[in-house]
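Engineer: Dumping the structure here so I can ask a few things about it.
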Amino acid sequence: MVACLLDNHTDIHLVSQVYELLKKMSSNPETKNPIIFAPKTYQYNKFSLDESELLKNPIELFTNWFSDAKKDPTESIPECVTFSTANLPSGKVSSRVLLFKELDDRGFTIYSNWGTSGKAEDIKTNPNAAINFFWKNLQRQVRVDGFTEHVNRETSERYFKTRPRGSKIGAWSSPQSHVLKDREELEEYIKASEKRFEGVADADIPCPDYWGGLRIVPLEIEFWQGRESRLHDRFLYKRNSENEPWEVVRLAP
């Protein structure tokens, strides 16, 4: 079931050659005086991850790990993720922290403004994206890579109804990622939206057409368990398309 990614010295030698080539190509070989240098860290020594603990379906394994994170009192926002996108043709990569809101048998869903935001522009040019969970106390990461798709309006409206009134008003008010002259400009947008929905019950504030869910359909899901001396346990579930079965490999740390 599990194959080692690096199974011979040839692979390691090739990596070494590439690294030396990149060093030679460096445009700034000067050794710099660091502003921040080697912050004190600690050993990951709480848990391990063995092949016998893996499940056939990575969604089920993620569900178990997420449940562990929710039960941990030190993980105050277990649904916090780093969401990364890349714009084409420039290849410019952008990351931001946001909240994961839904999981179904198809993938992981986040919600945002898909009309004006920077990530919306990225997704228009390149549907591939990644999210990363990190649970510090459990010393675990889950990395999800795949393609994205917008969920239907019923799904977006279902989640929008759960948001507080202020967040609903905010979704109507903010031209996300656009330049503002000052804070007062944003406050004026909010006042206009508050007036627009004055007298409207919280449950009746509609979801904007440009706002909704984006699902990341995974083609790779890596489960990372920190281990001592940075010799972590890493298992990667991968497939070439959503219709193929998952293959699992152990990765070198």
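The values are calculated or read from the model by the stated rules, or taken from the named source; none is laboratory data. Since the model is a prediction, treat every value here as computed from it, not as a measurement. Note: ideal-geometry Cβ built from the backbone for every residue, glycine included; neighbour counts use all protein chains shown. Ligands, DNA and RNA are excluded from the accessible area calculation, which covers all protein heavy atoms including side chains. Shrake-Rupley method; radii C 1.70, N 1.55, O 1.52, S 1.80 Å.
Engineer: Would you calculate a helix-derived [θ] at 222 nm for the chain, using -39,500 (n - 2.57) for each DSSP H run of n ≥ 4 and dividing by the full residue count, to the nearest 500?
Structural biologist: Counting only the DSSP helices, I get -8500 deg cm²/dmol.
Engineer: Rounded to the nearest 20 debye, what is the charge dipole size of the chain about its Cα centre when +1 sits on each Lys and Arg Cβ and -1 on each Asp and Glu Cβ?
Structural biologist: Result for the chain is approximately 580 debye, rounded to the nearest 20.
Engineer: Here is a further query. Could you order peptides 214-222, 28-36, 69-77, 230-238 by the average number of other Cβ atoms within 10 Å of their residues, highest first?
Structural biologist: 214-222, 230-238, 69-77, 28-36
Engineer: A further question on this structure: Nearest 10 degrees is fine. How inclined is helix 183-196 to the longest principal axis of the chain, computing both from alpha carbons?
Structural biologist: 60
Engineer: For residue 131, what is the net charge nearby, where nearby means another residue's Cβ is under 12 Å from its Cβ and Lys, Arg count +1, Asp, Glu -1?
Structural biologist: Result for the neighbourhood of residue 131: +1.
Engineer: If you don't mind, another one. Could you sort out which of 92/119; 46/71; 70/101; 92/181 sit more than 22 Å apart by Cα distance in this structure?
Structural biologist: With Cα atoms farther than 22 Å apart: 92/181.
Engineer: Same structure again: Determine the share of the range 30-173's accessible area contributed by carbon and sulfur atoms, expressed in whole percent, with a 1.4 angstrom probe.
Structural biologist: Of the solvent-accessible surface of the range 30-173, carbon and sulfur hold 53 percent.
Engineer: From the C-alpha coordinates alone, can you work out the Kirkwood hydrodynamic radius of the range 187-253, in Å?
Structural biologist: Evaluated on the range 187-253, it is 16.8 Å.
Engineer: What whole-number value in Å² describes the accessible area per residue of the chain for a 1.4 Å probe?
Structural biologist: Per-residue value: 62 Å².
Engineer: Then there is this: Collect residues whose amide H, placed 1.01 Å from N in the peptide plane, falls under 5 Å from the amide H of residue 252; neighbours closer than 5 in sequence don't count.
Structural biologist: 5, 6
Engineer: Now for a separate question. Taking each pair of different alpha-carbon atoms in the range 52-93 once, compute 1/r for the pair, average those values, and report the inverse of that mean as the Kirkwood hydrodynamic radius in Å to one decimal.
Structural biologist: One decimal place: 13.0 Å for the Kirkwood radius.
Engineer: Around residue 172, what is the net charge, scoring Lys/Arg as +1 and Asp/Glu as -1 over all other residues with Cβ under 10 Å from its Cβ?
Structural biologist: Cβ neighbours under 10 Å give a net charge of +1.
Engineer: How big is the equivalent ellipsoid of the range 26-175 along its three axes, where each semi-axis is √(5λ) from the Cα gyration tensor, reported in whole Å from largest to smallest?
Structural biologist: 29, 26, 17
Engineer: Using only the alpha carbons of the chain, what is the convex hull's orientation-averaged projected area in square nanometres?
Structural biologist: Projected over every direction and averaged, the Cα hull of the chain covers 18.7 nm².
Engineer: Sticking with this one: By the scheme Lys and Arg +1, Asp and Glu -1, what is the net charge of all other residues having a beta-carbon under 14 Å from that of residue 232?
Structural biologist: +3
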